[in-house]
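S.K.: Sharing a structure below in structure tokens format, with a few things to ask.
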Amino acid sequence: MNVVIFGTGYVGLVSGACLAEVGHDVVCVDIDAAKVEGLNRGVIPIYEPGLEATVAGCHASGHLKFTTDAAAAIAHGELIFIAVGTPPDEDGSADLQYVLAVARTIGQCLDKAAIVVNKSTVPVGTADKVRDAIAAELAARGIELPFDVVSNPEFLKEGDAINDFMRPDRIVIGADSSLAVEKLRHLYAPFNRNHDRLVVMDVRSAELTKYAANAMLATKISFMNEIANIAERVGADVEMVRQGIGSDPRIGWHFIYPGAGYGGSCFPKDVQALARTAQQMGYDARLLNAVEAVNESQKGHLFELIERHYRGALAGKTFAVWGLAFKPNTDDMRAASSQALLAKLWATGAKVRAYDPEARHEARRIFGERSDLELCDSAQAALQGADALVVVTEWKQFRSPDFLNLQIVLADRVIFDGRNIYQPQEIEAMGFSYYGIGRGRSA
Ligand code: NAD
């Protein structure tokens with residue numbers, strides 16, 4: 001099928017590459033000319049495992065093209081996807097300016113019947129706004145064309161996005177028209193062979209489904225962080241508690257890891273946006289607000305442990321920070337806990353030597369050049385001249401470091417483990433002070 005995708009970010013580029021991989025003809029449009037120019041030369045603007053090879057193969061086969069020319073792209077496609085950003089507005093609601101700009105562009109360029117598919121995460125009712133924006137532009141041109149607006153939220157996770165798109169748990173389609181459902185069924189057939197994963201529903205339910213999924217996952221994390229905070233105070237180890245509850249199939253093992261708070265481009269903004277939608281409808285979403293509040297304070301918890309250990313005397317100290325991305329296997333630092341930690345460390349006069357396997361360029365873009373930040377080439381380099389080690393992102397390569405070497409290089413022999421990847425007893429037996437999250441003995 002001929003497919004157009006607006007937006008070549010984490011969702012648009014992965015979707016475009018995966019749809020092209022199974023043989024669809026995909027044109028990806030972005031307003032960022034430098035990004036498009038780079039993509040046409042094979043430069044992938046983000047780190048996502050497997051993406052570079054998939055894009056290269058599809059580009060070479062001619063199934064995947066990149067352009068800034070929206071009109072030419074729209075002329076190509078019968079299915080037009082919107083996969084642009086929906087960042088938080090000042091009041092926490094989703095900023096729809098990019099989605100509606102694409103809708104207007106579609107209305108200005110459309111010259112045949114089409115199905116517009118919204119993949120961006122958008123508040124309930126956005127499909128109506130997209131439909132109105134397209135209709136208004138068509139009316140201004142004095143033409144009438146049949147078109148559908150469908151909600152098809154995306155559930156891929158950064159770090160495993162190709163796999164998620166290729167082997168989805170479910171494909172949610174919110175549509176008013178059976179023709180649109182059939183077209184999408186056809187589009188997704190290559191990803192839907194094993195058993196039917198299509199969950200078809202009305203548009204508003206589909207829009208809400210995406211927020212409900214992210215809010216549920218964020219709730220599990222904040223719940224576990226709350227238990228961790230209680231564990232610290234009562235002298236219990238939350239890692240034992242985690243193992244004690246995860247085996248209950250009603251609870252399950254996923255998303256019950258305590259840590260330094262959730263970040264990324266989805267959970268923080270989606271929880272806030274859903275709470276804001278509720279508020280606009282006169283409902284106080286107390287649980288969602290609490291999930292958000294627990295996470296905000298959790299992002300400051302590692303710093304509290306550091307401050308407590310040093311009794312507030314942090315000026316002049318140097319911290320090796322392992323991990324800057326909001327989670328492993330991505331370079332995405334949007335709303336990452338590392339940002340909150342570094343800001344607090346710098347405010348005390350401490351210095352940071354940071355290493356992340358993929359987020360270095362992103363860190364440079366966010367923080368710029370500054371004398372209290374050294375972005376290092378390796379985990380080992382980050383340790384040089386450091387007083388203490390802080391683990392913020394649980395990249396696999398940090399899980400089993402050379403502790404003998406750490407004993408030598410870390411001046412204060414203290415480890416702050418923001419993801420509970422080490423065993424406190426083992427670390428302490430080697431002569432380190434150890435602080436984890438919710439590990440009662442450190443309270
Ligand atoms: P992103 O910021 O990585 O990419 C957005 C892209 O859209 C950018 O390249 C930008 O230049 C482009 N763009 C903006 N306006 C445009 C226009 N008018 N025409 C063409 N391109 C335009 O965003 P993302 O992380 O891919 O997220 C996109 C949407 O998908 C968001 O609503 C997000 O909440 C949702 N989502 C994201 C993820 C994720 O893991 N990142 C997962 C599921 C859903």
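Bear in mind these aren't lab numbers, they're just calculated from the coordinates by the rules spelled out. Everything quoted here is computed from the prediction, not taken from an experiment. No Cβ is skipped: glycine too gets one built from the backbone with ideal geometry, and neighbour counts run over all protein chains shown.
S.K.: Find, among the GluC sites (Glu not before Pro) in segment 1-99, those assigned to loop by DSSP (not H, G, I, E, B) with at most 10 other beta-carbon atoms within 10 angstrom.
M.R.: Taking segment 1-99 and a limit of 10 other Cβ atoms within 10 Å, the loop GluC sites (Glu not before Pro) found are Glu90.
S.K.: Right, next: Answer with one residue from Ile162, Thr209, Thr348: the one whose Cα lies farthest towards the positive end of the charge dipole of the chain, charges on Cβ with Lys, Arg +1 and Asp, Glu -1.
M.R.: Going by the charge dipole, the pick is Thr348.
S.K.: Between the DSSP loop rule and a limit of at most 16 other Cβ atoms within 10 Å, which trypsin sites (Lys or Arg not before Pro) in segment 124-186 are left?
M.R.: Hits after loop and neighbour filter: Arg141, Lys157, Arg170.
S.K.: Moving to a separate point now. Given only helices, namely DSSP H runs of n ≥ 4 each adding -39500 (n - 2.57), what is the per-residue ellipticity at 222 nm of the chain, to the nearest 500 deg cm²/dmol?
M.R.: Calculated mean residue ellipticity at 222 nm is -13500 deg cm²/dmol.
S.K.: About its Cα centre, what dipole magnitude does the chain give when the only charges are +1 on Lys and Arg Cβ and -1 on Asp and Glu Cβ, stated in debye to the nearest 20? Display every interim value, and only then the final one.
M.R.: Details: 44 positive and 56 negative charges, 120 e Å.
Here the chain has a charge dipole of around 580 debye.
S.K.: With N set to the residue count of the chain, report its C-alpha Rg divided by 2.2 N^0.38 Å to two decimal places.
M.R.: Here the answer is 1.06, to two decimals.
S.K.: Could you give the dipole magnitude of segment 2-201 about its Cα centre, charging the beta-carbon of Lys and Arg +1 and that of Asp and Glu -1, in debye to the nearest 20?
M.R.: 500 debye
S.K.: Now for a different question. Subtract the Cα-Cα distance of Ala293 and Val199 from 0.36 nm times their separation in residues, and report this length gain in nm to one decimal.
M.R.: The Ala293-Val199 span can extend by a further 30.6 nm.
S.K.: Taking θ = phi - 60°, what integer Hz values does the Karplus form 6.51 cos²θ - 1.76 cosθ + 1.60 yield along segment 272-279, in sequence order, with x for Gly and Pro?
M.R.: Values, residue by residue: 5, 5, 5, 4, 5, 4, 4, 4 Hz.
S.K.: Separate question: Determine which residues of segment 386-404 fall in the zone a paramagnetic label at Gln423 would reach in this model, i.e. backbone nitrogen under 17 Å from the point 7 Å along Cα→Cβ.
M.R.: Flagged as within label range: 399-404.
S.K.: Here is a follow-up. Pick out, from Ile106, Leu410, Gly264, the residue whose Cα sits farthest towards the positive end of the charge dipole of the chain, with +1 on the Cβ of Lys and Arg and -1 on the Cβ of Asp and Glu.
M.R.: Toward the positive end, the furthest listed residue is Leu410.
S.K.: I've got another one for you. DSSP loop (so not H, G, I, E, B), at most 10 other Cβ within 10 Å: list which GluC sites (Glu not before Pro) in segment 316-382 pass both filters.
M.R.: Glu369
S.K.: With the Cα gyration tensor of segment 202-443 in hand, give its eigenvalues times 5 under a square root as the equivalent ellipsoid semi-axes, listed largest first in whole angstrom.
M.R.: In descending order the semi-axes read 31, 21, 16 Å.
S.K.: Could you give the length gained by full extension between Ala72 and Asn192, i.e. 0.36 nm per residue of separation minus their alpha carbon distance, to one decimal place?
M.R.: Numbers: separation 120, 0.36 × 120 = 43.20 nm, distance 3.02 nm.
40.2 nm is the gain from fully extending Ala72 to Asn192.
S.K.: Let me ask something else. What are the ³J(HN,Hα) couplings of segment 238-254, residue after residue, when phi is run through the Karplus curve with 6.51, -1.76, 1.60 and θ = phi - 60°? Round to Hz, x for glycine and proline.
M.R.: 4, 5, 5, 4, 4, 5, x, 9, x, 6, 6, x, 6, 9, x, 7, 6
S.K.: Scattering from the C-alpha atoms of segment 49-185 alone, worked out with Debye: what is log10 I(q)/I(0) at q = 0.10, 0.17, 0.18, 0.19 1/Å?
M.R.: Values returned for q = 0.10, 0.17, 0.18, 0.19 Å⁻¹ are -0.38, -1.08, -1.19, -1.28.
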